[in-house]
Amino acid sequence: MVEAPPVTQDKVVAENVNVYYGSFHAIKNASLKIPAKSVTALIGPSGCGKSTFLRAIDRMHDLTPGARVTGKVLLDGQDIYAPEVDPVVIRHRIGMVFQRPNPFPKSIYENVAYGPRIHGERNRKVLDATVERSLRQAALWDEVKDRLHHSALGLSGGQQQRLCIARAVALNPEVLLMDEPASALDPIATSKIEDLIGELKNEYTVIIVTHSMQQAARISEFTAFFHLGEIVEHDTTSNIFTRPKEKRTEDYITGRFG
Amino acid sequence: MKGAGGFVIIAMAFLFGYLGLEGTKTFFVDHVSPLTFLFSPTYAPDAKQPGSLVFIVGSLAITLFAICLGGPIGVAVGVFLSELAPPKMAALLKPSIELLVGIPSVVYGWLGLTLLVPLIRALSGTAGFGLMAAGIVLSIMILPTVITLSEDALKAVSPFLREGSMALGATRWETIWRVVLPTAKSGLAVAIILGVARAIGETLAVQMVIGNAVTLPTSLFSPTSALPTEIVIDMAGAAQGSPLQHALFSMAFLLLLIAMFLILGVKLALRKR
Amino acid sequence: MAVSAAKPGGAPLLTVPSNVKIRRAANNVMTGLLWLCACGVVLMLALLVGYLFYLGYGALSWHFITAPPSEVTAGGGIGPEIFNSFYILCLTLIFTVPIALLSGIYLQEYAKSGRFRQIVIFCAESLATVPSIVMGLFGLLVFVYLLGWKFSALGGALTLTVVNLPALMRVTQEALGSVPDTYREASMGLGATRWQTVVHVVIPSAVAPLITGIVLISGRIFGETAALIYTAGLSVSVNNPYDWSLFHTAETLAVHLWYTHSESLVPDVARIGNGSALVLLIMVLLFNIAARFLGRALSARFTGRVS
């Protein structure tokens, strides 16, 4: 159990967010405050909308035809869904790591340098430094420093996922969204990722979706419990797991349903 | 049932056998050297000088034109279908492509004759027949092949890769250009190679607009000839067993070899992935 | 927080830096270009079809469609040629469909790996790439010269069989492949042999894409020319233009169009050409439309679901 840090300014605030897929109401009036430089876990049974909510934070639903998002998501107080905002800018400041590692069929170097390159960085020295910094932050540098120009597809599953994390942090985002990042990995790789998250929270605000309550308890300071598209309860992790306020939360925690 | 499958093998064997036999008579019976056949610009088969350079160059020229024009446009439409097309547009585009494929090559030739050649004549002051006319007609004819194969190649790229790229803040075009297209490289190469194969073998449409002059092309507008067009024109008048007929069969055999070469190219491209 | 080298790291503003404006503009330009190409293709088709109708409309008449062609005078028709096109089409299908079906079944349902399968697939793919004029010369060698049939409908049909076999085999394989394995497993689990499974379960499920494919390929066979010029010939018999024998010289409509353009001596080449081109186009349209409707109707009838 991680101790809650002193209260700081909220980095991300969701206000009355609704997500519709066609006529299906996937996320119902979700409001949530995420403090800066912390780890917030989103938990709940499968299909309850945690990933859907996560994707709404970096406007990934823009890519899905037929998906509609209403409400506000504030990044440092400014609504990212305002009409004049280009999602490209948002995704520079909010990074995402997916459930299954998805490295590009390029070299390790090119994977990590992809983000900075498209956002305009051309200076080779800066790119080299950025790649090294990112790979170190992802605890991958020592394993790959001699084969940066080999294909990323030659890495193991756990290494690929850490590469995807490196790729995301290469842009120095302020918020890191992680959608069940270890669920496709073996236990050893999983614990490496969890250790990593403990380090990353010193630099970034992390929001992680996880289907494992134990994982949430291990690594997060705050937890939000989702059920049927609604945020049922949101509190410090220790409160959620020891003194849940809602019956549904308690039922889920104690395993009455899952 | 195994026999049915074997039918294609037998057909292939016979094809190579008979065409090889007949096609090499130029060399063995008429005693023409293969170098003369391939590289001499003098085409006088009855005088034992069936230099087919004109036709080879003509074929290569129109194929190059077709692939330079039809290739990029075909890939572009393939990208459109795979990445951008709203369902209504796809529902309009796909049957259109099916129809384009279905139009017989004589009809394309006829359209070239009645629509394109007069247009070129009016715009350029030349006769209108020649490389450009044949190249444009061929570009249109290879479009469906390149489009459908490109689309297949692009659709085979995992959607997770696109998602990853967009999540890093790339625009849709950047994702296409930097991730999707490079990943689909080998499939796109196949699309182009098969487009080339279609262009090289196309006979009638080309014959109707290329001018059929046995001269090396000197400009985009000069009438010339290609391997298939020469075959189809002169075969009617070639007496059985004559050196002319032997020469024409040699050209056919050459086309067969080129087709096999392209198939091997496809295999190579697919292995690289 | 370390400031990243890429702009605008850490800046709290959501306003758009210049780099993004350019990238967004590039994205819009390229998207526009792609749309242009796609619309261009559709418009071009419309233009071609429209032009053919415009050219050939005046030539169409009952007389044109039924009368025999004329060698020297004006006023010829295309009746026998249309007959020959259908005749050769049917003949070709009689040979091609069984062989393609059986080969396709063999490749898709029985031989999943192995040397023989690889060779068969290689030969099929290679045959598909061979230009049809080369096939036509092959037919000339075998049917006209070797077997001595002279120009004949049968020779043409057999040549076209070899030309279209790979395509029909692929259609069969794809149609069979579209049937989910769960159907096969269910059938074999009930004790059926593989052959019974194929005939009673797999093929009925695959009927729609199969028929669609056959009809579409028929459209292509109807328009085939290069392979027929020197196998089925360039003329129809004057005395017996609707000859039903297998060995009659059978100029098809597509071949006739080419012949009219290149060799014919009649003064009204334009009229005959325009009319023939339009009739060919209409036939292809009909085949395409029929393929779509049949596909949908059969799918609903045989499987209860619309494909």
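Annotations
- The relative contact order of the range A:167-215, computed from alpha carbon pairs under 8 Å that lie at least 6 residues apart in sequence, is 50 percent.
- Euclidean distance of C-alpha centroids, the range B:1-72 and the range C:40-99, integer Å: 31 Å
- Qualifying lysines (Cα of each under 27 Å from Cα of residue B:88; at least 8 residues distant if same chain): B:155
- Modelled FRET efficiency - R0 22 Å, residue A:250 with residue A:28, Cβ distances, 0.05 increments: 0.60
- Treating r as the C-beta distance of residue A:146 and residue B:60 and R0 as 56 Å, the FRET efficiency rounds to 0.75.
- Helix axis angle, C:18-56 relative to chain C longest principal axis, alpha carbon, degrees: 10 degrees
- Looking at the protein assembly as shown alone, DSSP beta bridges between its own residues are antiparallel in about 60 percent of cases.
- Counting only other chain Cβ atoms within 10 Å of each residue's Cβ, the peptide A:106-118 averages 3.
- In terms of its C-alpha gyration tensor, the range B:11-271 has a prolate overall shape, because the principal axis ratio a/c (a ≥ b ≥ c, square roots of the eigenvalues) is not below 1.5 and a/b outweighs b/c.
- Sequence of B:268, C:298, C:228 once ranked by neighbouring C-beta atoms within 10 Å, starting from the fewest: B:268, C:298, C:228
- Residues C:138, B:7, C:247 arranged by fewest to most Cβ contacts within 10 Å: C:247, B:7, C:138
- Rounded, prolate or oblate (a/c below 1.5 giving rounded, otherwise prolate when a/b exceeds b/c) for the range B:1-124 by Cα gyration tensor: oblate
- Estimated FRET transfer efficiency when R0 is 41 angstrom, pair residue C:188-residue C:147 (beta carbons, to 0.05): 0.35
- For the residue pairs A:192/A:247; A:11/A:106; B:185/C:21; A:33/A:247; B:94/B:267; B:2/B:25, the alpha carbons lie more than 31 Å apart in A:192/A:247; A:11/A:106; B:2/B:25.
- Over the protein assembly as shown, DSSP H runs of length four or greater, each weighted -39,500 (n - 2.57), average out per residue to a 222 nm ellipticity of -18500 deg cm²/dmol.
- Spacing of the two label points (7 Å from each Cα toward its C-beta) at residue A:126 and residue C:285, in nm: 5.9 nm
- Cβ-placed point charges (K, R +1; D, E -1), dipole of the protein assembly as shown about Cα centre in debye, nearest 20: 1180 debye
- Inter-chain Cβ neighbour average for residues C:97-104, partner chain, 10 Å: 4
- Ranking of B:56, A:188, B:210, B:192 by count of other Cβ atoms within 10 Å, fewest first: A:188, B:56, B:192, B:210
- Extreme residue, positive dipole direction of the protein assembly as shown, given options B:176, B:29, B:187 (C-beta unit charges): B:176
- Derived scalar couplings between HN and Hα for the range A:197-208 equal 4, x, 6, 4, 5, 5, 9, 10, 8, 10, 10, 10 Hz in order, rounded to whole Hz, by the Karplus curve 6.51 cos²θ - 1.76 cosθ + 1.60 (θ = phi - 60°), x for Gly and Pro.
- Candidates per GluC sites (Glu not before Pro) in the range A:14-113, loop by DSSP, up to 13 other Cβ within 10 Å: A:84
- Label zone of residue A:238 (point 7 Å out along Cα→Cβ, amide N under 20 Å): in the range A:200-219 this covers A:201-202, A:213-219.
- Modelled spin labels at residue C:115 and residue C:178, positioned 7 Å past Cα toward Cβ, are 3.6 nm from each other.
- Taking every residue in B:88-100 and counting other chain Cβ atoms within 10 Å of its Cβ, the average works out to 4.
- Spacing of the two label points (7 Å from each Cα toward its C-beta) at residue B:185 and residue A:136, in nm: 3.2 nm
- DSSP H segments from chain B that extend 30 Å or more along their own axis, Cα-based, with Kyte-Doolittle mean of -0.5 or above: B:2-23, B:53-79, B:131-155, B:243-271
Laboratory data are not the source of any read-out in this text; all were calculated from the coordinates shown. Not measured: the values here are computed from a predicted model. Note: ideal-geometry Cβ built from the backbone for every residue, glycine included; neighbour counts use all protein chains shown.
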